[in-house]
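The values are calculated or read from the model by the stated rules, or taken from the named source; none is laboratory data. Here the structure is a predicted model, which is why all the values come from computation and not from measurement. Counting neighbours? That spans all protein chains shown, and the Cβs are built from the backbone with ideal geometry, glycine included. The accessibility values were calculated without ligands, DNA or RNA, using every heavy atom of the protein model including side chains. Shrake-Rupley method; radii C 1.70, N 1.55, O 1.52, S 1.80 Å.
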Amino acid sequence: MDTKSCATRILLIGFGEAGQAFAEGWRQAGLEIQVSAYDIRFDDPGGAPDLEAAALRLGVRKVSHEGRSFADADHVFSLVTADQALLAAEAASRFLADRHVFWDLNSVAPSTKKKASAAIGRSGGSYLDVGVLAPVHPSLHRARLAVAGPTAAKQSEPIASLNLNAEIVSENIGDAATLKLLRSIVIKGIEASVAECVLACRIAGMEEKVLNSLAPSFPGIDWPARADYIMERLGRHGIRRASEMREAAVMLEDLGMEPLLSLGVAGRLQNSA
């Protein structure tokens, strides 16, 4: 018997840090999963040697964004940038059938998730609103997830077979996104505060003094190490984090609040990148 024929087939839309982390986690866990991936950067000849190398290293099959890619998949994980999330769902909807499960892990406003859900619904596929509640490193595919949607309760079996650390939080599309983005106001807000402080400290020549002075107020936190980590992460992912906070601002406006802090955080994160 061909064991590969029994493997769960996953298509990753987007093969950046998150997509590669999930693929790496599944590979390390030795699960019976066949992973393929589509990324718009694959279409740029010679423009994505890092992605080519990652796909080869992780045993991920590169595919084109055509119907056959979806026909060969059971589950579709959307892991694109915030501005491409709805477009990715609308494009995928042309090729999905009622057997497909579309996992939208993108950090976008609940209203955007609802639009994406409507697009996937027209195809007959199942749509899951997924919030990623922790960094994908070092947890990889075991990063903490919140899952919402009318069919979420039916996903206990694939959640187990894919070895995901996922909690079903609601039947309502947008609830996982809301949970994710409300947390982001705090988490990204702290990052932006630290970044602004560090940048100002460097100009004033007081970085070491200021960071060390924080220890008595926040016991147990190594502020120099934490600041280094935050600045390194913002250097690599600040633009994506800024986009996430602009989505948080959309969410707040939809809730009838003026997003004073979220837009400021987005600006600082963008600037720090």
Notebook entry, point to check: Quick one: with all protein chains in place, what share of the accessible area of the chain is carbon or sulfur, to the nearest percent (1.4 Å probe)?
Noted result: 54 percent
Notebook entry, point to check: Label points 7 Å out from Cα along the Cβ direction at Asp98 and Arg9: separation in nm?
Noted result: 2.0 nm
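I'd like the GluC sites (Glu not before Pro) in segment 51-152 restricted to DSSP loop residues with at most 11 other Cβ atoms within 10 Å, sorted by number. It would help to have the intermediate numbers written out before the result.
Details: sites: Glu52, Glu66, Glu90; in loops: Glu66.
Those that pass, being in a loop and sparsely packed, are Glu66.
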Check: So what is the relative contact order of segment 54-152, in percent, for Cα pairs below 8 Å that sit 6 or more residues apart?
Finding: 22 percent
Notebook entry, point to check: Tell me, how many Å apart are the Cα centres for segment 185-264 and for segment 39-118?
Noted result: 30 Å
Item checked: Label-point separation, Leu263 to Ile40 (7 Å along Cα→Cβ), nm -> 2.6 nm
Next item on the list: Project the alpha carbons of segment 170-245 onto their principal axes and report the range along each, largest first, in whole Å.
Entry: 50, 27, 15
Margin query: Need one word for segment 93-164: rounded, prolate or oblate. Basis is the Cα gyration tensor (sqrt eigenvalues a ≥ b ≥ c); a/c below 1.5 gives rounded, then a/b vs b/c decides.
Written below: oblate
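Could you pull out the trypsin sites (Lys or Arg not before Pro) across segment 72-113 that fall in loop regions by DSSP (anything but H, G, I, E, B) with no more than 11 other Cβ atoms inside 10 Å? Spell out each step's value before the answer.
Working: sites: Arg94, Arg99, Lys113; in loops: Arg94, Arg99.
Taking segment 72-113 and a limit of 11 other Cβ atoms within 10 Å, the loop trypsin sites (Lys or Arg not before Pro) found are Arg99.
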Notebook entry, point to check: Within the chain, which complete DSSP H helices have Cα atoms spanning at least 15 Å along the helix axis and a mean Kyte-Doolittle hydropathy of 0.5 or higher?
Noted result: 175-204, 260-272
Next item on the list: Compute the accessible area per residue over segment 112-184, keeping the other protein chains in place, probe 1.4 Å, unit Å².
Entry: 43 Å²
Checklist line | Per-peptide average of other Cβ atoms within 10 Å, ordering 197-208, 68-79 highest first | finding: 68-79, 197-208
Check: So what does log10 I(q)/I(0) come out to for segment 12-168 at q = 0.21 Å⁻¹, using the Debye formula with one equal point on every Cα and no solvent?
Finding: -1.60
Check: Which of rounded, prolate, oblate describes the chain, given a ≥ b ≥ c as roots of the alpha-carbon gyration tensor eigenvalues and a/c under 1.5 marking rounded, otherwise prolate only if a/b is larger than b/c?
Finding: prolate
Margin query: Heavy atoms of the protein only, probe of 1.4 Å, neighbouring chains included. What is the accessible area of Tyr229 in Å², nearest 10?
Written below: 100 Å²
Checklist line | GNM top mover of Glu171, Glu244, Glu157 - the chain, alpha-carbon springs below 10 Å | finding: Glu157
Notebook entry, point to check: For the cross-link pairs Lys115/Lys180; Lys114/Lys180; Lys154/Lys188; Lys188/Lys209, which exceed 21 Å when the distance is taken from alpha carbon to alpha carbon?
Noted result: Lys154/Lys188; Lys188/Lys209
Item checked: Potential extension, Arg240-Ala29 segment - 0.36 nm per residue separation minus Cα distance -> 73.1 nm
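When every alpha-carbon pair in segment 125-273 is counted, what percent end up more than 20 Å apart?
Details: 6321 of 11026 pairs.
The calculated P(r) of segment 125-273 puts 57 percent of pairs beyond 20 Å.
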Checklist line | Gaussian network model of the chain, Cα within-10 Å springs - most flexible of Gly125, Gly174, Gly235 | finding: Gly235
